[in-house]
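K.L.:
Submitted below is the structure of interest, expressed as structure tokens.
The values are calculated or read from the model by the stated rules, or taken from the named source; none is laboratory data. Computed from a predicted model, the values in this text were never measured in an experiment. So basically every Cβ, Gly included, is an ideal-geometry build from the backbone, and we count neighbours across all protein chains shown. Surface accessibility is based on the protein's heavy atoms, side chains included, excluding ligands, DNA and RNA. Shrake-Rupley method; radii C 1.70, N 1.55, O 1.52, S 1.80 Å.
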Amino acid sequence: MKHTLSVLLLNKPGALSRVTGLFSGRGFNIESLSVAETLDPKVSCLTLVTRGQETIIEQITKQLHKLIDVIKVTDISEGEFVEREMVLIRVKAESHTRAEVLRIIDIFRGKVVDVSPTSYAVEITGPESKIKAVIDILRPIGIKEIIRTGTIAMARAPKK
Amino acid sequence: MTKMTGAQAIIKCLKEENVSIMFGFPGGAVIDLYDALLDTDIKHVLVRHEQGAVHAADGYARATGEVGVALLTSGPGATNGVTAIATAYADSIPVVILTGQVPRALIGNDAFQEVDIVGITRPCTKHNYLVNDPKDLVPTIREAFYIASTGRPGPVLVDLPKDVVASTITYPEKKKIKMQTYQPNYAPHPGQVEKACKAILKAKRPVLYVGGGVILSNANKELTELAEKIHAPVTMTLMGLGGFPGTNPLSLGMLGMHGSYAANMAVAKSDLLVAVGARFDDRVTGRLDAFAPHADIIHIDIDPTSISKNVKVDIPIVADCKAALESMNAWFDKSADFDSKASAEKHQPWVDEVAEWQKKHPLTYHQKGDIIKPQYVVEMINELTGGDAIITTEVGQNQMWAAQFYKFNKPRHLLTSGGLGTMGYGLPAAIGAKMAFPDATVIDIAGDGSIQMNIQELATAKQWGAPVKIAILNNNYLGMVRQWQELFYNRRYSATPMEITPDFVELAKAYGAVGLRARTRDEVVPVIKEALATDNLVIMDFVIDREEGVFPMVPAGKATTEMLLV
């Protein structure tokens, strides 16, 4: 099962390596990891996507919580949540494919962020499924380079 | 506001933390701190190798329950300490390790004696720090003591750049430590306590399975009260020995790979296992699916990660062992459904069944001729010290024979590297314990292999007046590995014969200690008596049956009921 964990931790040197060291040392798997400062500059938020049986996820959550620099761990995939990932794709765009690439990007509400005579660099944002779809469609045209941010996620606010 | 150097501030801070003794080894990066040490009454014990310093601090901590302190220099000084830090971490021992570091401007430059010790020790400390700002110096050390000694204890390392220690700072006033991210929970959840007690009321074949947590939280009295109140047999892990009196009729001794037949059978047949401060280590459980297969499991532990890590727990209680046991005892005292006498009667058939196993397969050995059996040596040490000595061990057969044949009646009397299994632990740990309790008899039960791993600390013991007694069970083998080779590798003794071993009697003399040797069974008691009678440091060299094994033994990966017996 895929789980998306949101981890608040102190924005201190070494804090991130405590988290990644925990995963490598205990043989847990990290599918993606994204980290940046929160509104409070002393605190970072780390979004981590991992897979494992419930017992493993329980261990991961507890072990993360045990780290002294960690403030809070939430398995946000337990409830309703929104997730987004951004990807930059440099795709081949030669005279006969330039128009088609633009149409595809438009369908996915992407943006062209860099242009060269033979390629476009495009920016697409969305949940993992959308990123996968756009990659699958562009792949036959020719993807030269791809950079992904990894997933960030936020729990939905209660509706009542 | 008083101004002082960082070094003076560290010393003042250590005094505030009630540190009276520390173990260490100087070097360029900590020379300022060593200079400031001359102006205090904190005793500094100069060891002969940094591993010894941290083991001694660890032994001091285990024997006293206080935080042990070690001071090491940068680079190799710090890395030499790593094995001992990992040892303390594996057994949850409160130790603060202060390491020197190169000046801040040189960090990352591959400077002389520079190493990223914070990076290296991240997975084997409870927490660690590099002090980057002189104003953080004192608060960090305070936090280190707080973290090391609270919750599930553990080692905390503070790395101190030389220029930070040499800087001038204003000493900050002591404040109560409150950390946003670290608030260990001590009190048990009353609902869980009630569930656990009700499960005990229903049980017919309960067993208490006790680990080092009981010793760390000083809960031995509460545990004994509970065991006697409900009249249930008690088995202990290696780390739990002494948490319940070994001579109490309800004690089954140790369980697991080299546990007693009765202990392993009792767990296998039990219908309720009450785990107190134990962590279901693989050396205890054997094959997991065959461990306590008929039992519901109650697990008291202060560390939530220990719960349901290896074995699924039915009733978890995340709490300090002492607090949880107090609550359970109080619950039984108040409960109208509980009557101690009725409980004793109800459990008597079970206690009798367990006693039958004890009678059928007691811990024993076969004496042949006048050769010295190691078990006999431990039995005689037990007898001649009245079971009152502080015993440290090395790791291997010596450790298991000590655990099986010394009857620990009190907590903090067995100091042994359980989790990491560090050979070379026993001698420096014995020194730490002896420095804490100069009047106690402290005996390191050792093997001829492991004693050589930190033998240099004989000089430390001699210099600082720590006349510990070392009992070497000398079989000229790395005996535990040899035993595995005998049983599971067709007697192919690869690298286990110690072809050259020093003459330990002469070695003792070289260090100004007393060396004694016993070659026959008759010589064992006189040697122990002489060792106990002298005020000096002693090595007793017991030339034992070379191929004696530790039994019972559960082969790795087997069910704990599949024991190889004597």
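K.L.:
Out of A:Leu64, A:Leu16, report the one residue that is of a type outside the set (Lys, Arg), surrounded by 15 or more Cβ atoms within 10 Å (Cβ to Cβ), within 11 Å of chain B (Cβ to nearest Cβ) and in a helix (DSSP H, G or I).
P.N.:
Answer to the check: A:Leu64.
K.L.:
Can you confirm whether segment B:137-145 contains a residue that is within 12 Å of another protein chain (Cβ to nearest Cβ) and at positive phi?
P.N.:
no
K.L.:
List, please: which pairs have Cβ atoms under 6 Å, are six or more places apart or on different chains, and start with a residue in segment B:91-111 that is assigned by TED's automatic domain parsing to the domain that holds B:Glu66 and end with one that is surrounded by fewer than 17 Cβ atoms within 10 Å (Cβ to Cβ) and part of a loop (DSSP other than H, G, I, E, B)?
P.N.:
B:Val102/B:Ala111
K.L.:
Looking only at helices (runs of 4 or more DSSP H) that fall completely inside segment B:478-566, which ones have 1 or more residues that are at pLDDT 95 or above and aromatic (Phe, Trp, Tyr)?
P.N.:
B:479-488, B:504-510
K.L.:
Restricting to segment B:175-199, and then to whatever is in contact with an Asp or Glu (Cβ under 7 Å, 6 or more places away or on another chain) and more than 12 Å from every other protein chain (Cβ to nearest Cβ), can you tell me which residue is nearest to B:Asp320 (Cα to Cα)?
P.N.:
Within segment B:175-199, the match that is nearest to B:Asp320 (Cα to Cα) is B:Tyr186.
K.L.:
Also, quick follow-up: Against the definition (within 11 Å of chain B (Cβ to nearest Cβ) and either more than 29 Å from B:Arg152 (Cβ to Cβ) or surrounded by fewer than 15 Cβ atoms within 10 Å (Cβ to Cβ) (or both)), how does A:Thr38 come out, yes or no?
P.N.:
The answer is no for A:Thr38.
K.L.:
Here are some residues: B:Asp58, B:Asp35. Which one is open to solvent by less than 10 Å² (accessible area, probe 1.4 Å) and charged (D, E, K, R)? Outline the logic, then answer.
P.N.:
Working: B:Asp35 fails: open to solvent by less than 10 Å² (accessible area, probe 1.4 Å).
Answer to the check: B:Asp58.
K.L.:
Check whether at least one residue in segment B:139-151 is within 23 Å of B:Gly28 (Cβ to Cβ), assigned to a helix (DSSP H, G or I), in contact with a Cys (Cβ under 8 Å, 6 or more places away or on another chain) and modelled with pLDDT of 95 or more, and report yes or no.
P.N.:
Yes: segment B:139-151 contains one or more residues that are within 23 Å of B:Gly28 (Cβ to Cβ), assigned to a helix (DSSP H, G or I), in contact with a Cys (Cβ under 8 Å, 6 or more places away or on another chain) and modelled with pLDDT of 95 or more.
K.L.:
Still on this model: Where in segment B:1-91 are the helices (runs of 4 or more DSSP H), entirely inside, with at least 2 residues that are over 28 Å from the mean Cα position of the chain (by Cα)?
P.N.:
Filter on segment B:1-91 gives B:6-16, B:31-37.
K.L.:
Residues being touching a Ser or Thr at 6+ places or on another chain (Cβ under 7 Å) and away from every other protein chain (no Cβ under 12 Å): count how many of those fall in segment B:146-156.
P.N.:
Of the residues in that region, 2 qualify.
K.L.:
Sticking with this one: Looking only at segment B:481-521, which residues are more than 30 Å from B:Met553 (Cβ to Cβ) and open to solvent by 80 Å² or more (accessible area, probe 1.4 Å)?
P.N.:
B:Glu506, B:Lys509, B:Ala510
K.L.:
Somewhere in segment B:128-146, is a residue of a type in the set (D, E, K, R), within 30 Å of B:Ala278 (Cα to Cα), surrounded by fewer than 20 Cβ atoms within 10 Å (Cβ to Cβ) and more than 23 Å from the chain's Cα centre (by Cα)?
P.N.:
yes
K.L.:
Of the residues B:Ile431, B:Ile451, B:Ile445, which single one is at pLDDT 95 or above and part of a strand (DSSP E or B)?
P.N.:
Result of the check over B:Ile431, B:Ile451, B:Ile445: B:Ile445.
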